[in-house]
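The values are calculated or read from the model by the stated rules, or taken from the named source; none is laboratory data. On a predicted model such as this, the values are computed, not experimentally measured, just so you know. Cβ coordinates were reconstructed from backbone atoms using ideal geometry, including for glycine residues, and neighbour counts include every protein chain displayed.
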Amino acid sequence: MLQLNNITKSYGKFKAVDNLSFTAEEGKIIGLIGPNGAGKSTTIRLIMNILQPNSGEILINGHPYNDDDSDIIGYLPEERGLYKKQKVSDMLRYLGSLKGMTATDIETQIDFWLKRFGLSSWKDKKIDALSKGMSQKIQFISAIMHSPKIIFLDEPFSGLDPVSSDELLNVIKELKTQGRVILFSTHVMETAEIICDHIIMINHGKKILDGTLQEIRRQYGSDTITIDCSGNHSFISEIESVAGVTERGHELNISFKPGTDAKSLMAEIVTKALTNNCSISSIKVDEPSLHSIFVSIAAQNGEQLNQNTENK
């Protein structure tokens, strides 16, 4: 188990991480999400003991970080850092040795993971001969080949094509079933929705959401109705229970007032469409997305989302 208790990291007057607390349990994928500049990478570096907090404590299995903990941690950084002139096998041997692996275990794991990712024929190629996606897979292998109990993945899908992303996702899910603690950092909230069991959302170094996706949606979000239609749809905004209508081409996103039954509202829209020269090809209820929830909460707090820089 990983615990952060009231962690703060400041650079002068600037707080990159501000009184942050959360718990990450075994067999769970914990999404540490937020926009660029939220403080996600700084948080991971604090947990890794690369940076030291100004206040608060970080506990790994109930105790503060010590040198022995480095061998049970796997880290895939956002900035990839392989030695480009080294062979793939030599690179992995070196990184495995840093984690205390035996020579036999290193060779076994290298062969297993290269085969798993379809890279066996690249074993003796130099890193700079690999594509960006291949290099990312090699870096991922280096982070997990020593069978770490705690795994930090910082934007692991960046630069991967859809097939490679699915391959990586399947491995991450397998590691979860093996009882690993997995901390997944991303600013792509759609990805977090797919794979995370628990969400920690931060902005400007502060935690603003903490819970499962279902809990967050139930507490902070509201369902909407999405319609694909053509013709006159002005009647929809005149329905008493409709709170707002957003138009995107043929698609309308309809928010409704609290206490409204979505199914009844859909039936009313379909009925009125028949007499208003409006053709509906599809209509459905959509759950709120993490993106929409985050934007809404940030707006309520009067905060601006920084999309350009990451607090390091």
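When you scan region 137-152, do you find a residue that is surrounded by fewer than 18 Cβ atoms within 10 Å (Cβ to Cβ), out of contact with any strand residue (DSSP E or B) (no Cβ under 7 Å at 6 or more places or on another chain), within 26 Å of T191 (Cα to Cα) and modelled with pLDDT under 90, even just one? Within region 137-152, not a single residue is surrounded by fewer than 18 Cβ atoms within 10 Å (Cβ to Cβ), out of contact with any strand residue (DSSP E or B) (no Cβ under 7 Å at 6 or more places or on another chain), within 26 Å of T191 (Cα to Cα) and modelled with pLDDT under 90.
Quick one: would you say D261 is surrounded by 15 or more Cβ atoms within 10 Å (Cβ to Cβ) and of a type outside the set (F, W, Y)?
In short, no.
Figure legend. Inter-residue proximity from region 128-153: first residues among the hydroxyl-bearing types (S, T, Y), second residues surrounded by 21 or more Cβ atoms within 10 Å (Cβ to Cβ) and not in a loop (DSSP other than H, G, I, E, B), beta-carbon distance below 8 Å, spacing 6+ or different chains. Indicated pairs: S142/M91; S142/L92; S142/G96.
Limited to region 256-290, what total is found for residues that are outside any loop (DSSP other than H, G, I, E, B) and touching a residue at least 40 places away in the same chain (Cβ under 8 Å)? Qualifying residue count for the region: 14.
For every residue, the table says whether it meets (1) in a helix (DSSP H, G or I); (2) assigned by TED's automatic domain parsing to the domain that holds L169; (3) of a type in the set (G, A, S).
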| site | (1), (2), (3) |
| --- | --- |
| G96 | yes, yes, yes |
| I106 | yes, yes, no |
| I110 | yes, yes, no |
| K115 | yes, yes, no |
| S121 | yes, yes, yes |
| D124 | no, yes, no |
| G133 | yes, yes, yes |
| Q136 | yes, yes, no |
| S142 | yes, yes, yes |
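The set of residues in region 79-106 being farther than 22 Å from D69 by Cβ, out of contact with any helix residue (DSSP H, G or I) (no Cβ under 7 Å at 6 or more places or on another chain) and in contact (Cβ under 8 Å) with a residue 12 or more places away in the chain consists of K87 alone. Looking only at residues that are of a type in the set (V, I, T) and touching a Phe, Trp or Tyr at 6+ places or on another chain (Cβ under 9 Å) in region 160-180, which one is farthest from V17 (Cα to Cα)? In this case the residue turns out to be V171.
How about region 197-229: which of its residues are more than 23 Å from L169 (Cβ to Cβ), small (G, A, S) and at pLDDT 90 or above? Matches in region 197-229: G205 only. Answer yes or no: is there a residue in region 232-245 that is surrounded by fewer than 12 Cβ atoms within 10 Å (Cβ to Cβ) and either closer than 15 Å to K284 by Cα or touching a helix residue (DSSP H, G or I) at 6+ places or on another chain (Cβ under 7 Å) (or both). Scanning region 232-245 turns up no residue that is surrounded by fewer than 12 Cβ atoms within 10 Å (Cβ to Cβ) and either closer than 15 Å to K284 by Cα or touching a helix residue (DSSP H, G or I) at 6+ places or on another chain (Cβ under 7 Å) (or both).
Within region 167-177, none of the residues are touching a helix residue (DSSP H, G or I) at 6+ places or on another chain (Cβ under 8 Å), surrounded by fewer than 14 Cβ atoms within 10 Å (Cβ to Cβ) and more than 27 Å from G27 (Cα to Cα).
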